[in-house]
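See structure below.
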Amino acid sequence: MMRRVWIIPVGLLASACASQELVHFGGTLNPVERPSQTVACRQAQPRLDAIERRGPDFPSDLVYYLFINQGTNIRAVVMSYDVTEDGTTGNIRYGGPISDLDNGTNRDATLPAARAIADWTFAWSDAPGARFATGCTARFDFTLRQ
């Protein structure tokens, strides 16, 4: 009986770690299985037309963090994603140095960036070839206007 009690929390913890909402801790939003035929995003770019690409709604405390840390190198959130055959995005994950996620504000900026990418849509051209692009990146730069 005691064994079952310990298995349940471990199972809950494992399912929480696999949660899509943990992209800001190094997880993946909108996980999709990659097909056997894929193409690198750089090679796919001429065949992809962006249809919808809205920007993220970053938290307001990000401005305070940037102002206080003007001398640091953290000036952007870099995300990686794939474009599926139907033009939606999947496998959205943080693409910068994982150590940047040690900062709570930078972590908080990652989830809105991932959610924005999740809404992006693309159209594939009629050119032949694989229709699943891997390793696409998006960089959301932060600038302070003076």
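Of note:
- Taking the listed residues Val32, Val83, Val39, the one that is of a type in the set (Val, Ile, Thr), touching a Leu at 6+ places or on another chain (Cβ under 8 Å) and at pLDDT 90 or above is Val83, with no other qualifying.
- Filter pass, Ala123 being assigned to a loop (DSSP other than H, G, I, E, B) and open to solvent by 20 Å² or more (accessible area, probe 1.4 Å): no
- Restricting region 27-67 to residues that are among the polar types (S, T, N, Q) and not in a strand (DSSP E or B), the residue that is farthest from Ala133 (Cα to Cα) is Ser60.
- First in region 43-65 and under 21 Å from Trp124 (Cα atoms), second anywhere and in a helix (DSSP H, G or I) and open to solvent by less than 90 Å² (accessible area, probe 1.4 Å), Cβ under 6 Å, 6 or more apart: Arg54/Ala116
One line per residue, one yes/no per condition, for (1) touching a residue at least 40 places away in the same chain (Cβ under 8 Å); (2) basic (Lys, Arg); (3) over 13 Å from Arg53 (Cβ atoms); (4) touching a helix residue (DSSP H, G or I) at 6+ places or on another chain (Cβ under 9 Å):
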| residue | (1), (2), (3), (4) |
| --- | --- |
| Val83 | yes, no, no, yes |
| Ala114 | yes, no, yes, yes |
| Pro128 | no, no, yes, no |
| Phe140 | yes, no, no, yes |
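- Of all the criteria given as (1) crowded, with 17+ Cβ neighbours inside 10 Å; (2) of a type outside the set (Asp, Glu); (3) outside any loop (DSSP other than H, G, I, E, B); (4) at pLDDT 80 or above, the one not satisfied by Thr137 is (1).
The values are calculated or read from the model by the stated rules, or taken from the named source; none is laboratory data. Remember, it's a predicted structure, so these values are computed and weren't measured experimentally. As a convention, Cβ positions derive from the backbone with ideal geometry for all residues, glycine included, and neighbour counts pool all protein chains shown. To get the accessible areas, we keep the full protein, side chains included, count just its heavy atoms, and leave off ligands, DNA and RNA. Shrake-Rupley method; radii C 1.70, N 1.55, O 1.52, S 1.80 Å.
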